[in-house]
Structures are given as structure tokens and as C-alpha cells.
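These notes concern the structure reproduced below.
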Amino acid sequence: MRTFSLRDLDSDFVDEIESLDFIGTFRDCYACGTCTGGCPVHRVNNDYDPLRIMRMLVLGLREELLKGEMIWLCSDCYTCQENCPMEVKITDIINHLKNLATHEDNTPLGVSTQKKLLMDQGKIYIIDEFDNKKRAKAGLPSLPEMAEEARKLLNKR
Amino acid sequence: MKFALFLGCNIPARLKQYESSTRAVLGNLGVELVDIKEFNCCGYPMRNIDFKTSILAAARNLALAEKQGLNMIVLCMCGYGMLKKADHAMKEEPSLREVINTTLKKEGLQFRGDLEIRHLLSVLYNEVSVEAIRQRVTRPFKDLKIATHYGCHALRPSEIVQFDDPVNPTLFDKLVEATGAQSIYWQSRLDCCGAPLFGINDNLSMDLAEKKLLDAKRSGAHYLCDACTYCHLQFDTVQEMISTKRGENHLLPAILYPQLLGLSMGIDERILGLEMNHIDISGIKGFLSE
């Protein structure tokens, strides 16, 4: 087990996340463990533990959360959030932590690749001439190669 | 009954059988589909790294459907969850809605929030009805046991997606049983398929899929039935990968719901794209009554 010093705890980080409207409070978490008990990822790999993420957040272990691998093992299934007796938005919080981790250069390659594809094409897969021929053969309407207008719009933001 | 058909990125490129079987089945049931070719990515792949861009991508799709005065039908559950989330977030947070609409305005679009977003299964259950489906079933399945896989983002978070009871859903089971098949109980039926972890931690993703497939098989299922792009890629393409990499035999072949329904309606299997699945599902025809 790792030990932490009080200096590792970042209370500004806790306040900052709690101030976000779409997240609301998470200090109501009383560590009952319903999140971890129902987690399908935890059942196959107990390195992943949503209760630990919640406790790390309440303590303000910013670095540990944003630079570690744990948050990326969440499969986004929303079971913990659905089951939480205190209505803590656990999955939304973890997704927000993933957003923040990206700014710390902690993004799995598979995720950043999808972002690049989307920004370059407006969608993940290009539909080329060959695809459209196959689509026509299956009686399906042809589609544009990429979502050009969306690509422009996403890059304007 | 008319809907804008939202396919997402994967279906037109990698899962054409989901599209062709859906069109065939809905056509048979009198549901009219409108294609909007300007649709883009649903936004789901961006939720992890850039929340606002994911909402913008989703909102652009919603605005395009609204512009034509259409409600939307979505085939993928992750896409459905994302579009519902964006719709909900913009209704709850006026400041977010304003930011998004300012950007959409550059393309002459606007999110008003007066369209309905429906998943294929909820259109079939709530708009078409199980009774109307039964009337179209000409060759019901006999003695076929199906493990019905719901998919996470149709069920949760329930206050946003509003699909069915998140703890004890029955909607999909009833649709499966309308084809004459038996929808069996299996313990992990509401669990994640593992697809969102593919590309992040492939082994963990495969562990989740394998565990579910084993459970479904042990519970007596002949096939698994799904109605989501990512779940199906996981239970078909990735299951094949599990067989190759881990030396396991195919645990349980997966069939898309409109393929299952289409067969029981007597629709040509080529239109349903049965041969386009990676794992052979042709054996399921043996369960059709004469």
C-alpha cells in the first residue's frame, strides 16, 4: 500500500470539480462500496476500483488520479452511477477526470486516434467509392466520403 | 410513422447487415425512414477527452433532424446514449446550449430541443407494438433459446435515457419472444460487453466479453441477440479474435435483433446479411418452423 503525505492533497482540485454544475456534490459518498460491488470491470480486474477513485477524489489526490491508469479502465457502463445510494454521478465524474487527464498528456493512443479521425473527417470511418459500390449492391443509398461541413464546424470551435 | 435514420460511423462501413436488416424489417412494419446524408459522428468517441466537442457533434446531428421536423431513430446504443445525453445537457444548462448554438449558427443550424430521440428497440416496442410484430411473423422460431443482451447506454443513466426499467428491463425480452424464441435469464445480462475498453486495454475488453459469453452459454442459450453497433462488433468480430488469440472455440454466436426478427418474418437472408457476420449464424435457420 502506498502512503501519502498531507502535502499531496490538493483541496483546490476538489473544490474545482465540485463546482461543476453537471457533476454536483460527491462529498456525500460514505464509502459503502456499492459502486465497486456492482462494477463489471472490477469483477475481472480488481486493479480497477471506482470506490478508490471516489476516495482519491474526496482527498484531493490530483496527480495520482490524472497521471495514473486507473480512470482509463472505466468502461463507461454507468452501473456505479445508477446504483449509488447517494446519487453521486460517479461515471460522469470519471469521464470528466479523463478529460482533465488529456491535458496532462495522459490519453491512451486508441482514444487520441479517434479524436484525430473525427477532427479530420467529421466521422470515424471514411466511405470510399468501393464502400459505396458495396452499399449499392446491398441496395443501400450512397453516402458522402466524409462529413465535410461537420469537420469544418468542429475545427472552428 | 417517419423517422430520420441515424446510422453513426461504424454501420455504413463495417456493419452493413445491421442497416440492411433494419431497413427491411421496418419497411415490413410500415415505418418510414429518411436519410440525412450530412449527419456526422454521434460524439461518443470524444466524451472521454473533449466533452464540449462531443456535445457539439451530437447537437449538430439533432439540429439537422429538427430542421426537417423529424424525430430520430438510432441503431447503436452508445450513439443513442450520447444523443440523449447531449439533448439533456443542453436542456439543463442554458449556458452550454448557448455556446453550442453560437457555433451551430455558423452553419445556419440551431438546437431547439423539440425532437424525440428513439432507439430502434423502443420504436418497435412503443410505436409499432409487440402485437403488430407478431402479426407479421410468418415463420416463428421453435425451441430456440436466446441470451438477450440489453447494452449499457440504453439502460443507464436511466433518468436521461428513459428506455426501460434499468434494474429489471423486459422490453427487449418481449421483442425477442415475439419471434417465437425463448429469451432466457442469465445473470450477467445487464453487464457491459467490454467494447468501450477496446483500443485502451484490449485484454480487459476481451475478458469482459468472454465472461458474458460463457455465462450466457452456461445458462443454456443457443445464440446471443444484440441491438447495438459496439455490442455486436464485440460479440462478433472481437469474439472471433478471442477464439484466435486465446484458442477458445466460439463460445456463442451473436445475431442482431433485426436479423432475428427478419428471419421469422420470412425476409430473404441475403437482405438480412446473415453471411456478413464474422461468426457463422446460418444454423439458426434450423430453428425456424415450416
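The values are calculated or read from the model by the stated rules, or taken from the named source; none is laboratory data. Fair warning: this is a prediction, and the values are worked out from it, not measured in the lab. We place every Cβ from the backbone using ideal geometry, glycine too, and count neighbours over all the protein chains shown. Ligands, DNA and RNA are stripped out before the accessible areas are found, and what is left, the full protein with its side chains, is counted by its heavy atoms. Shrake-Rupley method; radii C 1.70, N 1.55, O 1.52, S 1.80 Å.
Assorted remarks:
- Note on residue B:130/residue B:214: beta-carbon distance plugged into 1/(1 + (r/R0)^6) with R0 of 30 Å gives a FRET efficiency of 0.50.
- Take the Cα of residue B:102, go 7 Å toward its beta carbon, and the backbone nitrogen atoms of the stretch B:25-65 under 20 Å from that spot belong to B:50-61, B:63.
- For the protein assembly as shown, the Kirkwood estimate of the hydrodynamic radius, built from every pair of different alpha carbons, is 22.5 Å.
- Once exposed loop trypsin sites (Lys or Arg not before Pro) are cut out (DSSP; at most 15 other Cβ, 10 Å), longest piece of chain B: B:143-290
- Between the beta carbons of residue A:31 and residue A:120, assuming R0 = 60 Å, the FRET efficiency works out to 0.85 to the nearest 0.05.
- Measuring r between the beta carbons of residue B:289 and residue A:138 and using R0 = 35 Å, the FRET efficiency lands at 0.80.
- Element breakdown for the stretch A:6-103 at a 1.4 angstrom probe: carbon and sulfur atoms account for 47% of the accessible area.
- Structure note, pairs B:91/B:211; A:67/B:105; B:91/B:145; B:37/B:145; A:137/B:285: Cα-Cα distances above 32 angstrom occur for B:91/B:211; A:67/B:105; B:91/B:145; B:37/B:145.
- Rounded to 10°, Cα long-axis angle of helix B:16-28 versus longest principal axis of chain B: 90 degrees
- Karplus 3J(HN,Hα) series, Hz, for the stretch B:224-230 with 6.51 cos²θ - 1.76 cosθ + 1.60 (x for Gly, Pro): 9, 10, 10, 8, 8, 4, 5
- Per residue, the convex hull volume that the Cα atoms of the stretch B:137-287 enclose (Å³): 108 Å³
- All lysines inside 18 Å of residue B:106 as judged from Cα atoms, apart from same-chain residues fewer than 8 positions distant: A:152, A:156, B:52, B:67
- Using the alpha carbons alone, the radius of gyration of the stretch B:2-119 stands to its Kirkwood radius in an Rg to Rh ratio of 0.97.
- Residue B:250 exposes around 80 Å² of accessible area when a 1.4 Å probe is run over every protein chain in place.
- For trypsin sites (Lys or Arg not before Pro), the sites in the stretch A:1-103 that DSSP calls loop and that have at most 15 other Cβ atoms within 10 Å are A:2, A:27.
- Share of pairwise Cα separations in the stretch A:37-78, more than 15 Å, in percent: 38 percent
- Taking amide hydrogens as placed 1.01 Å from N in the peptide plane, the amide H of residue B:223 sits under 5 Å from those of B:145, B:147, each at least 5 positions away in sequence or on another chain.
- Per-residue SASA entry for residue A:128, accessible area with 1.4 Å probe, Å² rounded to 10: 70 Å²
- Karplus-derived 3J(HN,Hα) values for the stretch A:119-130, using 6.51 cos²θ - 1.76 cosθ + 1.60 with θ = phi - 60°, are 5, 7, 10, x, 8, 6, 10, 6, 9, 8, 4, 4 Hz; glycine and proline are entered as x.
- Overall form of the stretch A:109-155 per C-alpha gyration tensor (a/c, 1.5; a/b vs b/c): oblate
- Total formal charge among the other residues, if their Cβ is under 11 angstrom from that of residue A:10, Lys/Arg +1 and Asp/Glu -1: -4
- Computed label-point distance, nm, for sites residue A:145 and residue B:240 using a 7 Å Cα→Cβ extension: 2.8 nm
- At least 30 Å² of accessible area lost relative to the chain alone, listed for the stretch B:153-172 with a 1.4 Å probe: B:153, B:156, B:157
- Using a 1.4 angstrom probe on protein heavy atoms only, the contact between B and A buries about 4700 square angstrom of accessible area, both sides summed.
- Using θ = phi - 60° in the Karplus curve 6.51 cos²θ - 1.76 cosθ + 1.60, the 3J(HN,Hα) couplings for the stretch B:134-141 round to 4, 5, 8, 7, 9, 10, x, 5 Hz; x is entered for Gly and Pro.
- Rounded accessible area per residue of the stretch B:91-157, 1.4 Å, Å²: 47 Å²
- With coordinates expressed along the principal axes, the C-alpha atoms belonging to chain B extend over 56, 43, 33 Å, beginning with the largest.
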